[in-house]
1. May I ask you to list the GluC sites (Glu not before Pro) in segment A:48-89 that are in a DSSP loop and have at most 11 other Cβ atoms within 10 Å of their Cβ?
2. Debye calculation, C-alpha points only, no solvent: report log10 I(q)/I(0) for the protein assembly as shown at q = 0.11, 0.13, 0.14 Å⁻¹, in the same order as the q values.
3. As I understand it, the dipole of segment B:10-238 uses +1 on the Cβ of Lys and Arg and -1 on the Cβ of Asp and Glu, about the Cα centre. Which of B:ILE53, B:SER136, B:ASN112 lies farthest toward its positive end?
4. With θ set to phi - 60° and the Karplus curve 6.51 cos²θ - 1.76 cosθ + 1.60, what are the ³J(HN,Hα) couplings of segment B:39-50 in order, to the nearest whole Hz, using x for Gly and Pro?
5. What order do you get for A:ARG6, B:ARG38 when you list them from fewest to most C-beta neighbours inside 10 Å?
6. Using the structure shown, select from B:LYS36/B:LYS126; A:LYS99/B:LYS30; B:LYS29/B:LYS126; A:LYS3/B:LYS235 the pairs with a Cα to Cα distance greater than 25 angstrom.
7. How far, in degrees from 0 to 90, does helix B:117-129 lean away from the longest principal axis of the Cα atoms of chain B, to the nearest 10?
8. Figure the gain on full extension for A:LYS3 and A:THR73 (residue separation times 0.36 nm, minus the Cα-Cα span) and round it to one decimal in nm.
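Just so it is clear, none of the values below were taken in a lab; they were calculated from the coordinates. These numbers come from a predicted model, not from an experiment. Heads up, the Cβs are rebuilt from the backbone with ideal geometry, glycines too, and the neighbour counts pull from every protein chain shown.
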Amino acid sequence: MEKIIRDLSIGLLVLIIFAPLGLLAVGETFGEWGPEEVKEKLGFVPPGLEELSDIWSAPMPDYAFAGGSESMTMSSVAYILSAVVGVVVCGGLMYFIGKKAAKN
Amino acid sequence: MHIPDGYLGPYTYIAFWIIMIPIWYYTGKKLNTELKSRQVPLLALSAAFSFVIMMFNVPIPGGSTGHAVGGAIIGIVLGPWAGVISISVALVLQALMFGDGGITAIAANCFNMGVVMPFVGYYIYKLISGNSEITSSKRVIASAIAGWTSLTFASFCTGVEFGIQPILHHTASRTPLYMPYPLSVTVPAMVTEHALGFSILEALITALIFAYIQRTDTSILYGETSEAQKNKMKKAVTA
């Protein structure tokens with residue numbers, strides 16, 4: 001059991017370090033276009049889509065520093081930082097929830 | 001697969017909140033009865049793993065990008081209910097902090113990736129594995145098929161949710177208010193790119209982690225008991 005936790009943690013660490021590889025994939029994702037991209041495709045933006053699309057301003061939109069430089073280095077730093085935040089928050093929260101739920 | 005805000009109209013996103021709230025509640029009760037404390041570190045790792053693996057965007061021919069989720073392997077190792085909570089936590093953080101997936105669509109995204117994937121993954125794995133030895137290679141194949149099917153089915157659900165929007169929400173002149181494309185576009189688009197691309201990645205990840213656990217310690221697998229526990233049970237029966 002300890003070996004599995006250790007090995008998987010190392011695996012996760014490697015994934016975090018290589019996370020910026022995920023930035024190399026350029027292209028669009030079906031159904032995840034911004035309003036401008038929808039306008040390019042259709043010539044108009046559906047009114048409900050336009051209205052709802054900016055309902056939330058995330059602190060680090062698309063795993064990048066808001067308003068930060070777009071250099072590959074800065075993007076990579078932001079991406080790794082995002083992965084670290086994700087691991088710490090998700091892992092920490094689940095550990096806490098798990099400890100509360102598990103009795104035996 | 002992370003539906004942004006603005007693509008689902010209120011009928012759909014509210015319906016998914018109504019579906020998900022009792023599911024989350026029941027998941028909490030379920031974990032209270034079946035989660036063992038030795039599984040807790042693994043549960044924490046699974047949510048972290050799912051978060052990071054979704055950041056690995058891969059390109060496929062045709063100019064589209066997407067990612068694996070890890071839903072099937074979490075369902076197989078920790079059980080489908082643990083999968084619901086792990087993936088939900090990752091998705092909520094992605095939406096709130098990183099704008100990946102909409103706020104209104106959190107429940108829909110949690111349903112597609114957090115409920116459909118671990119349940120489809122776990123039951124396909126169980127179905128194909130049957131009574132085969134826990135260490136058999138048949139189970140590795142079963143886990144790969146479970147991974148592929150789980151993400152492909154999740155993409156189908158997402159495609160349907162997208163495609164019903166023009167039917168549910170449009171102006172008097174039939175201008176769509178939210179996702180503009182009909183089912184005949186959204187379902188094939190979602191399912192094809194997943195079935196031929198991202199689901200294969202999901203299958204590989206599922207099989208790789210499963211094969212590793214098979215070689216290391218099968219007693220951690222959901223529904224399996226360790227040798228020590230088995231001996232204890234035998235003693236209890238003979239006593």
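1. Answer in residue order: A:GLU70.
2. -0.71, -0.98, -1.13
3. Checked the options; the winner is B:SER136.
4. Each residue's phi maps through the Karplus curve to give 7, 4, x, 5, 5, 4, 4, 5, 5, 5, 4, 4 Hz.
5. Values: A:ARG6 10, B:ARG38 14.
The fewest-first ordering by Cβ neighbours comes to A:ARG6, B:ARG38.
6. A:LYS3/B:LYS235
7. On a 0 to 90 degree scale, this one is about 50.
8. Using 0.36 nm per residue and subtracting the Cα-Cα distance, I get 21.8 nm.
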